[in-house]
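Read the structure below first, then the notes.
The values are calculated or read from the model by the stated rules, or taken from the named source; none is laboratory data. All values reported here derive from a predicted model rather than from experimental measurement. For neighbour counting, all protein chains shown are included, and Cβ atoms are generated from backbone atoms with ideal geometry for every residue, glycine included. Accessible surface is based on the protein model in full, side chains and every heavy atom, while ligands, DNA and RNA are left aside. Shrake-Rupley method; radii C 1.70, N 1.55, O 1.52, S 1.80 Å.
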Amino acid sequence: AWLAFFSAFLSWFAFAPLIPDAIKQDLKLTPAQIGNSNVVALCATLLVRVLAGPLIDQYGPRKVMAGLLFLGAIPSGLAGTVYTANGLYVIRFFIGILGGTFVPCQAWTTVFFDKNVVGTGNWLGNAGGGVTFAVMIALYNGLLSSGFASKVAWRVAFAIVPVPLLLLVATSVMVFGTDHPAGKWSDRHKAIGRASNSPSKSERLSEDERVLARPGESKDDPEKKGGLADVHVTLPPLEDSSASSFHMVSELDYAVNEPLTLELALKIISTPLTWLPALAYFATFGYELAIDANLANVLLSLYQSKTFGQTKAGYIASIFGLLNIFARPLGGHFGDLVYRKWGVPGKKHLLIFFGVSQGLLSLGLGIYIDSHHHPSLAVVVVLLIVLAMASEAANGVNFSLVPHCNPCSNGFMSGIVGGMGNFGGIVYAMVFRFQPVPVGKAFWISGIIAMAINILISVIRVPLRLV
């Protein structure tokens, strides 16, 4: 799951590091056309993420993941055929299919990891956003040094790395991947849930101490149709009443992905809990997408000189995405830690803390750029690093929270949240698109949006059951 999403980034974001100079000069793009292409690149991803969710609940994440990689490889292979701005829009739109791999990635890891470690499990793939900048810049420069013209080098770069890797990983997913801990996706109902939150050996529950059933069944009557209310759990007596002696019990202990129906979809969409992680992801991951797409161009517009060109701008911009290697798992791990002590509300409050921090930092960065005619590159980079840490940690916490929201429709739920993240990317990209250089205003407007959304969603209640 991690490798597949990581690989998808190598094509999905491959244009971003090369567009400020090489592609801009070759296609004679205006700043407005570059901004338009960044927005278009996120549109298909929004649609694919929403559609991928129900497909995952029906067919499993492995097949959906491989299918998206195969489909995304087609426009990636055609990237070299672009010679106009309109052609660039079309190719970047269809390459956006690859952004949809986020949904099967999260859904796949969620079915394999227990609720007390799921945040740590849902972490690695996003690092591909930063690696892509470094790989594409290095590959492009290597081709230039080998004698290729600039207009040929960037086209060849797509054919050398992204396309072969997409096809290889897609094939590997189908050959070596496993649908579910129970084996095939069709056998997922056979998996036995656990009634406790990773109890020690002395605390494990025997079959006589609990009744385990999947949603819609009870142990005594397998044909009985219902909801999670039919599941009865009996836990051993607690030795004391301290918080540490409680076992967290949630729907996750018994939830199994079920095919989506219209009635279920309407119920999920109308539930406020659905929109807690979805709106938070709009504010945080949407921001990350816009920054990844625009940062190299922003840096080049601020500092371009004989010693500061596309290469340096691309490498510095890659830092933002590369920090996912550290910040996103850190956020997920913190989410798991607070869950063990404070339950789902702990994850919610941690998510909002990081989201508001991102907003404040973006506001500060924007004000700094606007108030300095020649802003210090060192100060901007430090602010960007701290900002990336807050934003990406929030994303990690978010997907430690998502499995607790509508867990029997985890694919659909992941699709909604992922889709909203991309919608946020479009909105933030539009903010950057219509703000003039030096774009300080774009940063502080984005910061205000993030803070407002995270404060508003703080009133949404989350489930907590202590037994």
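Within the stretch 408-425, the set of residues being among the hydrophobic types (A, V, I, L, M, F, W, C) and buried (at least 24 other Cβ atoms within 10 Å of the Cβ) comprises F412, M413, I416, V417, M420. Within the stretch 312-324, the set of residues being more than 14 Å from A138 (Cβ to Cβ) and modelled with pLDDT under 85 comprises G321, N324. Restricting attention to the stretch 1-48, report how many residues are of a type in the set (K, R) and in a loop (DSSP other than H, G, I, E, B). Qualifying residue count, the stretch 1-48: 1. For the criterion of being out of contact with any Phe, Trp or Tyr (no Cβ under 9 Å at 6 or more places or on another chain) and either assigned to a helix (DSSP H, G or I) or open to solvent by less than 20 Å² (accessible area, probe 1.4 Å) (or both), L51 passes. Among residues that are within 22 Å of L351 (Cβ to Cβ), modelled with pLDDT of 85 or more and among the aliphatic types (A, V, I, L, M), V459 is included. Among the residues of the stretch 426-452, the ones that are assigned to a helix (DSSP H, G or I) and either open to solvent by 10 Å² or more (accessible area, probe 1.4 Å) or without any contact (Cβ under 8 Å) to a residue 12 or more places away in the chain (or both) come to 13 in all. Could you check, for the stretch 177-184, whether at least one of its residues is modelled with pLDDT of 80 or more, outside any loop (DSSP other than H, G, I, E, B) and surrounded by 13 or more Cβ atoms within 10 Å (Cβ to Cβ)? Yes, there is a match, as at least one residue in the stretch 177-184 is modelled with pLDDT of 80 or more, outside any loop (DSSP other than H, G, I, E, B) and surrounded by 13 or more Cβ atoms within 10 Å (Cβ to Cβ).
Can you name the condition, by its number, that G60 falls short on among (1) farther than 23 Å from V427 by Cβ; (2) under 18 Å from the mean Cα position of the chain (by Cα); (3) at pLDDT 90 or above? Every listed condition holds for G60 apart from (2).
Identify the residue in the stretch 385-415 that is β-branched (V, I, T) and closer than 18 Å to G332 by Cα and, among all such residues, is modelled with the highest pLDDT. Out of the qualifying residues, it is V386.
Within the option set L46, L3, L98, L18, being more than 15 Å from the chain's Cα centre (by Cα) and either closer than 29 Å to E258 by Cβ or not β-branched (V, I, T) (or both) holds for one residue only, L18. The condition (being of a type outside the set (S, T, N, Q) and surrounded by fewer than 23 Cβ atoms within 10 Å (Cβ to Cβ)) is satisfied by just one residue among G72, G80: G80.
Condition check ((1) hydroxyl-bearing (S, T, Y); (2) in contact (Cβ under 8 Å) with a residue 24 or more places away in the chain; (3) crowded, with 18+ Cβ neighbours inside 10 Å) across all residues:
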site	(1), (2), (3)
F354	no, yes, yes
G359	no, yes, yes
L365	no, yes, yes
L377	no, yes, no
V382	no, no, no
E392	no, yes, yes
N395	no, yes, yes
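Which members of the stretch 270-280 meet the condition of being within 27 Å of G332 (Cβ to Cβ), open to solvent by 10 Å² or more (accessible area, probe 1.4 Å) and either without any contact (Cβ under 8 Å) to a residue 60 or more places away in the chain or within 14 Å of the chain's Cα centre (by Cα) (or both)? Passing the criteria: only L279. The condition (being loosely packed, with under 13 Cβ neighbours inside 10 Å, out of contact with any strand residue (DSSP E or B) (no Cβ under 8 Å at 6 or more places or on another chain) and modelled with pLDDT under 75) is satisfied by just one residue among S198, S202: S202.
Tally time: how many residues in the stretch 83-119 are of a type in the set (F, W, Y), assigned to a helix (DSSP H, G or I) and open to solvent by 10 Å² or more (accessible area, probe 1.4 Å)? Matching residues across the stretch 83-119 total 5.
Among the listed residues A283, A327, A296, which satisfies the condition of being surrounded by 24 or more Cβ atoms within 10 Å (Cβ to Cβ), modelled with pLDDT of 85 or more, closer than 25 Å to P20 by Cα and of a type in the set (G, A, S)?
A296
Every test in (1) part of a helix (DSSP H, G or I); (2) at pLDDT below 90; (3) more than 22 Å from the chain's Cα centre (by Cα) is passed by K267 save one, and that test is (2).
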